[in-house]
Amino acid sequence: MQTNNRPVKEIAQEIFAENQAERILGWKRGEFFYDNSPAVFSAADELQEFVYDAFCGSNLSKFLVKEAAKEGRIAVLLKPCDRYSFNQLVKEHRIDKENVLPIEIDCDGMVDIDKVRALGIKGIKSISADGDQLTIETVYGQKNCSKEDVLLLKCQTCKDRTGGDRFALVREIEEMSSVERYEFWRSELSKCIRCNACRNVCPACTCEKCVFDNDKSGIANKANSDSFEESLYHMIRAFHVAGRCTDCGECSRVCPQGIPLHLINRKVIKDLNEFYGEYQAGADDSSVGPLTSYELDDVEPDIVMNRGGGR
Amino acid sequence: MSIEKKEFKPLIVAFCCNWCSYAGADLAGTSRLAYPAEIKIIRVPCSCRVNPMFVLRAFQRGADGVIIAGCHPGDCHYTSGNYFARRRMTMLFSMLDFFGIERERTRVDWVSAAEGVKFSTVMNDFSKKIHELGENRRLGDLRCKQTIDR
Amino acid sequence: MSSRIWSIDLEKADELFNALAAGQRLYLPIEQAGQVQFKEYDPADSKQKVRLDALNTVRSAKDLFFPQSENMAAFKREGKKIEIIDNRERVSPFAIFGVRACDARSFEILDRVFLSEPVDVSYADRRENGTVITLACNEPEETCFCEAFGIDAAEPGGDISAWIADGKIWWQPITARGEALTEALADVLTNAEPDDEKLVMQKKQIREIIAQLPLHELSLESFQPERLKEIFDSPKWQELSEACIGCGTCTFVCPTCQCYDIRDYDTGNGVQRYRCWDSCMYSDFVMMAHGNPRTSQVERFRQRFMHKLVYYPANNEGVYSCVGCGRCLAKCPSSMNIVKVAKAIGGEANV
């Protein structure tokens, strides 16, 4: 993939050649062709393993909390959607902006390998793209699928392209009856294995010590020992990132159990937009968020009771 | 052998702001206005002290309803606390609703120190609602419920 | 191994499951909200989607023997008296069908830990009551590397081995417990030939596919206990661990991870003591009064792989604590996994 008609790798090489930064935060080629890992490169010869293709879905902004605190300037490759998380982290003083060289790179949609697998395509050996058509070589023969169908969830409603309606599913759930909603979330959340992947990958979750890890909080746990804890964990997490969540979709991408966690965050974003006006977290690095400000004539909490939606 | 059906005795937690609503409860008491004994008042310095976690943990420990009472908007002892609480609780209640928890189980009301009558009315009304809804089965911790002494 | 073998039409799988479920609780790979898990099969529930085609369940079969969270004791206080109530679960006999060869091997690895002195009572109880019915993998995937541990996906083992071939489920008891269970199913199973051409073909086909998989030549030769210090000090750990976000996904989907934490929960009117899985990737893993011995993510990251590939084999006649199921390869948020580590740290011997 290219940015301004230049391969991203070339940009990375130039950063080292011109001494613009001491390290580069990017992606490293994986064992297969689809399992690229985030990686820090500190010398030009390490860039041999550098990769930027349709399997670089991970958001690198969160890694900056750790990496930007180290000595020496670090360049970071940010896809357009990752930029929001970066801004938000700068706003919250979690990243020292002076120590970071953000490089914006183009992106034309990232592929979700789990979605490819969900199509029943097994034993994948390689994937090649021709426009929207993907040709997949597997040990069980050649398969085809459309890239549009296997895009990461966050790419299907891309903020920078006129994508689909990101609140469509949220609305659908709102229209369910209260019992149906309860059952929907029970069946999803009871899959939770409390691996904390959603929290640890989330660019908005940067507490030094999470309340769920703090034994003195009274709610710390390493497993969901009761169904209540499944709900509590995800409710509190969504609430804690409310107004700060940029809807980057990492939580749903990493969930090993495929829980649509982004729906909880989108519900919050939808409510915030409806109650307090349109707001996109991370659109800039200085504005005040909706839950750290107020208006004298805000809606009263009983709006929840009186508005539409299934009961 | 006949199994006696246990009468439902709800447990309601009321977070009351120290400056207005708690004083309102006092006034209700000194004015000999009745409000249900199943309402357990927890005094907080300001309605915005109520962390969403407080509400959820009340449910975990077996509460059937949670009400937050604070100063009227504009009257906050700390100028703006209740404005923040208003936004937070709106968002929390909406989220609980989204998870399929009955939306009538949570409530925010503004009760000043002079409103003993309102305090009593609000609490009686809320308690009536919880009686109608019955036991909170969707958001409780079984480990706590088994040992709870209502 | 018994040479007797039975079969039943795949279309009649329900009959087999119902017969199994009549005698004991039965766990099958069942779909729940899009993901396949081992769940209790309920013959009366027609909405259940049994997924024998799913290669790996998200959580491994170890859950049935070593659940993520289980009660140990409750404490109740009355005045100055504290009553201790043993509320450990005692299981009734159960069977689990559809365990893959890799998961079946994982039980042997867990046995070495939990059944050696002092024996873990809960685990032993479940092992004694559980009958493992394995299922050969007709469609192994690129993430599979069970071959590296000498596991043959075409001969999956367990108490009873099963295959799907030629529109039939083939059934071969291996242990005495498997024989006993098979006898109870005499009405639904029909006798078959152990060297039936179709079954032999299927096994051959599985082995052929495995030989084509990208990881089939993965070697762990260089992970020898004698090299412990050298591997421990490898400079590669630092860069490998940079991608790790410190979540517990790999440890919780792993069929051989065995660490647990014992915790107390204050119920408001007593204390519930329980144990739950722990993850070496967590910052409070093995937290002690003085603090934590591993203070950085690189140390925690290294611990997991050192345990699987060096410490465990050093204590268990060279048996690695990994079965090559590939779950961590598929599930890691950063795509950092044991294969990448083995190749990077193992050095040239693996290239």
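Only the coordinates and a few stated rules stand behind these numbers; no lab work does. All of these numbers come straight from a predicted model, not from anything done at the bench. Here the Cβ is made from the backbone with ideal geometry for all residues, glycine too, and neighbour counts use every protein chain on show.
Tabulated results
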quantity	calculated
Over the range A:165-306 - Rg/Rh using Cα atoms and the Kirkwood inverse-distance radius	0.96
Cβ crowding within 10 Å averaged over residues, with C:17-28, B:74-85 ranked highest first	C:17-28, B:74-85
Reach of A:LYS66 by Cα under 17 Å, taken over aspartates and glutamates that are not fewer than 8 positions away in the same chain	A:GLU22, A:ASP82, A:GLU92, A:ASP96, A:GLU98, A:GLU208, C:GLU239, C:GLU242, C:GLU299
For A:VAL76, distant residues with modelled amide H under 5 Å away	A:LEU25, A:LEU101, A:ILE103
Max mean-square fluctuation residue, GNM over chain C, Cα-Cα springs under 10 Å, options C:SER92, C:SER46, C:SER296	C:SER46
Inter-label distance, nm, simple model (7 Å from Cα along the C-beta direction), B:THR121/C:GLU128	6.8 nm
Ellipsoid equivalent to the range B:12-142 - semi-axes via the Cα gyration tensor, in Å	23, 18, 11
Pairwise FRET efficiency - B:THR79 versus B:PHE8, Cβ, R0 = 51 Å, nearest 0.05	0.80
Spin-label zone in the range C:89-129 - amide nitrogen under 13 Å from a point set 7 Å from the Cα of B:LEU142 along the C-beta vector	C:89
Net charge over other residues, Cβ less than 14 angstrom from the Cβ of A:GLU92 (K, R count +1; D, E count -1)	+1
Gyration tensor (Cα) of the range A:28-92, equivalent ellipsoid semi-axes in angstrom	22, 16, 9
For chain B, calculated [θ]222 nm from helices alone, where every DSSP H run of n ≥ 4 adds -39500 (n - 2.57)	-12000 deg cm²/dmol
Residues A:PHE167, A:PHE63, C:PHE252, sorted so that the one with the fewest Cβ neighbours within 10 Å comes first	A:PHE167, A:PHE63, C:PHE252
Proxy reagent accessibility, fewest Cβ within 10 Å first, across B:VAL13, C:VAL99	B:VAL13, C:VAL99
C:ASP187 paired with A:ASP108, simple spin-label distance in nm, labels 7 Å along Cα-to-beta-carbon	6.3 nm
Violating pairs (Cα-Cα greater than 22 angstrom) within the set A:LYS28/A:LYS62; A:LYS222/C:LYS331; A:LYS216/B:LYS9; C:LYS308/C:LYS331; A:LYS191/C:LYS49; A:LYS143/C:LYS39	A:LYS216/B:LYS9; A:LYS143/C:LYS39
Beta bridge orientation in chain A: antiparallel %, DSSP, nearest 5	70 percent
Mean ellipticity per residue at 222 nm, deg cm²/dmol - from DSSP H runs of n ≥ 4 across chain C, formula -39500 (n - 2.57)	-8000 deg cm²/dmol
Helical contribution to [θ] at 222 nm, DSSP H n ≥ 4, -39,500 (n - 2.57), averaged over chain A, rounded to 500	-9000 deg cm²/dmol
Kirkwood hydrodynamic radius of the protein assembly as shown, from inverse mean 1/r over distinct Cα pairs, in Å	29.1 Å
Long-range tail of P(r) for the range C:5-212 (Cα pairs > 22 Å, %)	53 percent
Cα lying deepest toward the dipole's positive end in the protein assembly as shown, options A:TYR276, B:PHE99, A:SER217, charges on Cβ	A:SER217
Additional length obtainable on full extension of the chain from C:LEU52 to C:SER283, 0.36 nm per residue less Cα span	79.4 nm
Ordering of A:241-251, A:108-118 by packing [mean C-beta count within 10 Å, highest first]	A:241-251, A:108-118
Ascending count of other beta-carbon atoms within 10 Å, so fewest first, for C:HIS290, B:HIS72, C:HIS307	C:HIS290, B:HIS72, C:HIS307
Full-extension gain in nm, C:ILE82 to C:ALA22, via 0.36 nm per residue minus C-alpha separation	17.4 nm
Most fluctuating residue given options C:ARG88, C:ARG207, C:ARG59, as computed from a GNM of chain C linking Cα atoms under 10 Å	C:ARG88
Histogram of C-alpha separations across chain C, 20 Å bin width, %	27, 55, 18, 1
Total formal charge among the other residues, if their Cβ is under 11 angstrom from that of C:SER321, Lys/Arg +1 and Asp/Glu -1	+3
Tensor-based shape of the range A:155-220 (alpha-carbon gyration tensor, a/c under 1.5 rounded, otherwise prolate or oblate)	oblate
Rough spin-label spacing in nm, given labels placed 7 Å along Cα→Cβ, for A:ALA129 and C:VAL91	4.6 nm
Residue of A:LEU89, A:LEU296, A:LEU272 that the Gaussian network model of chain A assigns the largest fluctuation, springs spanning Cα pairs under 10 Å	A:LEU296
